Amino acid sequence: MTSYIVKKGEHYYPSDEMKKIAWIKDEKIYNQANKNPVKFWEGLAKEGIEWKSEWKKAYVEKLPYFEWFKGGKLNFSINCLDRWIKDKGNKIALIWVPEPVKEKTIKLTYKELYDKVCRFANVLKKQGVKKGDVVSIYLPMIPEALISMLACTRIGAIHSVVFSAFSADALKARIEDGKAKILVTSDGYYRKGEKEDLLAKAKQGARGTTVKKIIVVNRVGKKVSGSKFLDFNSELKKADNKYEPEIMNSEDILFVLYTSGTTGTPKGIIHDTGGYAVHAYWTTKYNFNLREKDIMWCTADVGWITGHTYAFYGPLLNGSTTLIYEGGPDFPDPGIWWKIIQDNNVNVLYTAPTAIRMFMKVDEKYIKKYKLDSLKILGTVGEPIDEDAWNWYLNKIGGGRCPIIDTWWQTETGGALINALPGIGPFIPTIAGKSFPGIKHIIVNEKGKEVKQGKIGELVQVSPFAPGMLHGIYKNPKRYLKTYWKRFKKYYDTSDGAYIDKQGNIRITGRTDDVMKVAGHRISTAELENAIASDKRVGECAIVPIPDKIKGEVPILFVVLKKGEGSVELEKQLIKHVDKKLGPTSRPSKIYFVKDLPKTRSGKIMRRILKALLIKEEPKGLMTLVNPKVVEEIKNILKSKI
Ligand code: WTA
């Protein structure tokens, strides 16, 4: 069996076999690219993307804004579809594995996908969708999610995908921000053998908003009636299968995706067309060494940026094959992922550490049952991966043969930015690697001064900023400026801590702001606290993230009630309230009802002290509290609950 890695000393490096197939095997690329990053990206843009007309200026920067390939014209869907159907129309673009095992896997060729995308573009057009309009998409992992998104890009409409596990309220807030007239959703989807009722949430979320029509994919066979609703597939059948793509400017908005920040409201991250296309194309190709014949499975949901860039767009921009799966990792049993890899000969698996940690806990027989020889590259994303999980992934899934590409990036960056390249390495547990060629990150202190090698500080990106980077926050330029450009002015502020090791590799130490990563999902403490505080019985509350063996971190909730005592019943009701406001991914894992919260004289809640109590460390800074007695009270409550 081919091994793609070799151990030299303590670390793994690409083997000769890997070097043979690697797109990039010479470290010189870093120096070459960094000598003139703009020229480097221009070369990649010309080679990887089909333009209708070339840009006038490759990079224009006037902070806090910058633009790539200014004046260049293209259509995104041409790059994902049209350019492939000439020579390889019958090649499989998408493999979709439904959750119910009795349902067949569906394979769509580039030609079939193209046909459906054109038809759906006509459906949207008939409903009045035009270039620049926002279309809300609230769909699970089914092919129609990809079809709807690509149809938007064909028209030049802006898609705004909302994670299907988010609540009706979360959907509503996102629809209202984008003023979408059309919502694309499904009557439901399968999860652990049950039918999830997505439509009920969709209807509720759309009520009283700008949404005029709801286009519903029939996934679970529900009857849908009413003049507001259109059936996805019957509309598709009626529509023409040709759609002349709208030629867009490179800097036109491709999509908006909401993510959590440090305040109570999510922010609509804007990605533009040309820069994102170039970034998605090349990071998919180089980071996963994706070859045309390869099958890539990125397990992320399309509701997150990883789903956008690496489950859908990256592999299609490369003319490869992408696999998506409707269900979760443990149904009908925890062998399902490995069965999917075996049955479909998956070559690249890209997932989150939280999934790996979950699999580490289950009986190995579920893995051993399946042959995973087709795998060449393993990727991780979303949170730091610890050494144990890394080694387990390498040995149990990769058979000790495949490099692990630990990619650091964010919703804001559009695509991966820091990781080792498969043909170069080294592959070291907990170390992401170097910035992608042509990109530069440094570590600075709070004042913005670069710190010494080996010292932990703030991770920032240096100009010229990566082509896939955000181009603002939808309708909120002030927040864009404040969040990313206020602290360090000329550097992009990632809000992550990191240090650089002796070999120049970057190790990410985690968020430095009030953003949690719970099972890889990005959740804001402020947003969660706001949601909880909106329950009438809650007087005050505080969310404190603590480490968790599987999820990485989990939120713990402290509540001060307006009156009365806490109870198991009230705990359940508060969880329900969170489900309604945000969705089950944001659920606190434990709730403590307390009489008061530790506060400073100015009234600031000291979450740091609560955290120390939770992880059984001696709390510091009690002198600054107006109510130091509360610390003992809370200690007792925590003790009595264990
Ligand atoms: C964290 C996900 C350590 C980081 C693509 C970042 C990581 C946040 C890694 C963005 C990694 C992402 N190692 N931490 N390889 N990748 N992160 O927007 O804190 O959901 O700021 O994007 O995830 O999360 P987001």
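Of the residues that sit in region 504-515 and are within 21 Å of THR411 (Cβ to Cβ) and modelled with pLDDT of 95 or more, which one is nearest to the ligand (Cβ to nearest atom)?
Taking the candidates together, the pick is ILE508.
If I ask for residues that are over 16 Å from ILE95 (Cα atoms) and either touching a helix residue (DSSP H, G or I) at 6+ places or on another chain (Cβ under 6 Å) or within 16 Å of the ligand (Cβ to nearest atom) (or both), which ones from region 309-332 would you list? Let's see the steps before the verdict.
Our first condition is that a residue be over 16 Å from ILE95 (Cα atoms); within region 309-332, this holds for 309, 328-332.
Of everything in region 309-332, those that are over 16 Å from ILE95 (Cα atoms) and either touching a helix residue (DSSP H, G or I) at 6+ places or on another chain (Cβ under 6 Å) or within 16 Å of the ligand (Cβ to nearest atom) (or both) turn out to be THR309, PRO329.
Which condition breaks for LYS376 when tested against (1) of a type outside the set (A, V, I, L, M); (2) within 14 Å of the ligand (Cβ to nearest atom); (3) surrounded by 23 or more Cβ atoms within 10 Å (Cβ to Cβ)?
(2)
Is there any pair linking a residue in region 614-642 that is surrounded by 10 or more Cβ atoms within 10 Å (Cβ to Cβ) to one that is among the acidic types (Asp, Glu), with Cβ under 6 Å and at least six apart or on different chains, and which?
Correct list of pairs: ASN627/ASP596; VAL630/ASP596.
Contact list please: Cβ distance under 8 Å, first residue in region 230-241 and touching a residue at least 24 places away in the same chain (Cβ under 8 Å) and buried (at least 18 other Cβ atoms within 10 Å of the Cβ), second residue among the acidic types (Asp, Glu) and outside any loop (DSSP other than H, G, I, E, B), pairs at least six apart or on different chains.
Taking only residues 6 or more apart or on different chains, the pairs are PHE232/GLU144.
Give me a count of the residues in region 1-14 that are part of a loop (DSSP other than H, G, I, E, B) and surrounded by fewer than 18 Cβ atoms within 10 Å (Cβ to Cβ).
In the first step, residues of region 1-14 are kept if they are part of a loop (DSSP other than H, G, I, E, B); the result is 1-4, 9-10.
Adding the requirement that they be surrounded by fewer than 18 Cβ atoms within 10 Å (Cβ to Cβ) leaves 1-3, 9-10.
Of the residues in region 1-14, 5 are part of a loop (DSSP other than H, G, I, E, B) and surrounded by fewer than 18 Cβ atoms within 10 Å (Cβ to Cβ).
May I ask you to verify whether GLY414 is in contact (Cβ under 8 Å) with a residue 12 or more places away in the chain, in contact with a helix residue (DSSP H, G or I) (Cβ under 7 Å, 6 or more places away or on another chain) and surrounded by 23 or more Cβ atoms within 10 Å (Cβ to Cβ)? It would help to see each step written out before you state the result.
Numbers: in contact (Cβ under 8 Å) with a residue 12 or more places away in the chain: yes; in contact with a helix residue (DSSP H, G or I) (Cβ under 7 Å, 6 or more places away or on another chain): yes; surrounded by 23 or more Cβ atoms within 10 Å (Cβ to Cβ): yes.
So GLY414 passes the test.
Would you call THR259 under 27 Å from GLU112 (Cα atoms), hydroxyl-bearing (Ser, Thr, Tyr) and in the same structural domain as ALA145 (by TED's automatic domain parsing)?
Details: under 27 Å from GLU112 (Cα atoms): no; hydroxyl-bearing (Ser, Thr, Tyr): yes; in the same structural domain as ALA145 (by TED's automatic domain parsing): yes.
Against the criterion (under 27 Å from GLU112 (Cα atoms), hydroxyl-bearing (Ser, Thr, Tyr) and in the same structural domain as ALA145 (by TED's automatic domain parsing)), THR259 does not qualify.
Please specify each residue of region 69-109 satisfying the condition of being over 19 Å from HIS279 (Cβ atoms), crowded, with 22+ Cβ neighbours inside 10 Å and of a type in the set (Phe, Trp, Tyr).
TRP84, the sole residue that qualifies.
Considering only residues that are acidic (Asp, Glu) and in a strand (DSSP E or B), which ones fall in region 479-524? Talk me through it step by step, then tell me what you get.
Within region 479-524, the subset acidic (Asp, Glu) is 493, 496, 501, 513-514.
Scanning region 479-524 gives ASP493, ASP496.
Looking at region 384-399, can you tell me whether even one residue there is touching a helix residue (DSSP H, G or I) at 6+ places or on another chain (Cβ under 8 Å), within 23 Å of ASP26 (Cβ to Cβ) and either within 16 Å of the ligand (Cβ to nearest atom) or modelled with pLDDT of 95 or more (or both)?
Checked against the condition, which is being touching a helix residue (DSSP H, G or I) at 6+ places or on another chain (Cβ under 8 Å), within 23 Å of ASP26 (Cβ to Cβ) and either within 16 Å of the ligand (Cβ to nearest atom) or modelled with pLDDT of 95 or more (or both), region 384-399 yields no hits at all.
I'm told VAL381 meets every condition in (1) modelled with pLDDT under 95; (2) crowded, with 20+ Cβ neighbours inside 10 Å except one. Can you identify the failing condition by its number?
The failed condition is (1).
For region 516-542, which positions are among the polar types (S, T, N, Q) and within 16 Å of the ligand (Cβ to nearest atom)? It would help to see each step written out before you state the result.
Just the residues of region 516-542 that are among the polar types (S, T, N, Q), to begin with: 524-525, 530, 534.
Answer for region 516-542, where residues must be among the polar types (S, T, N, Q) and within 16 Å of the ligand (Cβ to nearest atom): SER524, THR525.
Would you check if GLY221 is more than 16 Å from the ligand (Cβ to nearest atom), in contact (Cβ under 8 Å) with a residue 40 or more places away in the chain, over 17 Å from GLY128 (Cα atoms) and out of contact with any helix residue (DSSP H, G or I) (no Cβ under 8 Å at 6 or more places or on another chain)?
Numbers: more than 16 Å from the ligand (Cβ to nearest atom): yes; in contact (Cβ under 8 Å) with a residue 40 or more places away in the chain: no; over 17 Å from GLY128 (Cα atoms): yes; out of contact with any helix residue (DSSP H, G or I) (no Cβ under 8 Å at 6 or more places or on another chain): yes.
No: the conditions fail for GLY221.
Mind checking whether some residue in region 86-102 is free of Cβ contacts under 8 Å to residues at least 12 places away in the same chain, closer than 22 Å to GLU326 by Cα and in the same structural domain as ALA151 (by TED's automatic domain parsing)? Before the answer, list the steps.
Step one: list which residues in region 86-102 are free of Cβ contacts under 8 Å to residues at least 12 places away in the same chain, which gives 86-87, 102.
Subsequent filtering for residues that are closer than 22 Å to GLU326 by Cα retains 102.
Next cut, in the same structural domain as ALA151 (by TED's automatic domain parsing) only: 102.
For region 86-102, residues free of Cβ contacts under 8 Å to residues at least 12 places away in the same chain, closer than 22 Å to GLU326 by Cα and in the same structural domain as ALA151 (by TED's automatic domain parsing): present.
Restricting attention to region 242-259, which residues are of a type outside the set (Val, Ile, Thr) and either touching a Leu at 6+ places or on another chain (Cβ under 9 Å) or surrounded by fewer than 23 Cβ atoms within 10 Å (Cβ to Cβ) (or both)? Working first, answer last.
Restricting attention to region 242-259, the residues satisfying the condition of being of a type outside the set (Val, Ile, Thr) are 242-246, 248-252, 254-255, 257-258.
Once the filter is applied, which keeps residues that are of a type outside the set (Val, Ile, Thr) and either touching a Leu at 6+ places or on another chain (Cβ under 9 Å) or surrounded by fewer than 23 Cβ atoms within 10 Å (Cβ to Cβ) (or both), region 242-259 yields LYS242, TYR243, GLU244, PRO245, GLU246, MET248, ASN249, SER250, GLU251, ASP252.
Determine whether region 274-281 contains at least one residue that is part of a helix (DSSP H, G or I), hydroxyl-bearing (Ser, Thr, Tyr) and either crowded, with 24+ Cβ neighbours inside 10 Å or touching a helix residue (DSSP H, G or I) at 6+ places or on another chain (Cβ under 7 Å) (or both).
Within region 274-281, the subset part of a helix (DSSP H, G or I) is 274-281.
With hydroxyl-bearing (Ser, Thr, Tyr) added as a condition, the list becomes 276, 281.
Now restrict to residues that are either crowded, with 24+ Cβ neighbours inside 10 Å or touching a helix residue (DSSP H, G or I) at 6+ places or on another chain (Cβ under 7 Å) (or both): 276, 281.
Checked region 274-281: at least one residue is part of a helix (DSSP H, G or I), hydroxyl-bearing (Ser, Thr, Tyr) and either crowded, with 24+ Cβ neighbours inside 10 Å or touching a helix residue (DSSP H, G or I) at 6+ places or on another chain (Cβ under 7 Å) (or both).
The values are calculated or read from the model by the stated rules, or taken from the named source; none is laboratory data. Here the structure is a predicted model, which is why all the values come from computation and not from measurement. Note that we place each Cβ from the backbone using ideal geometry, even for glycine, and neighbour counts take in every protein chain shown.
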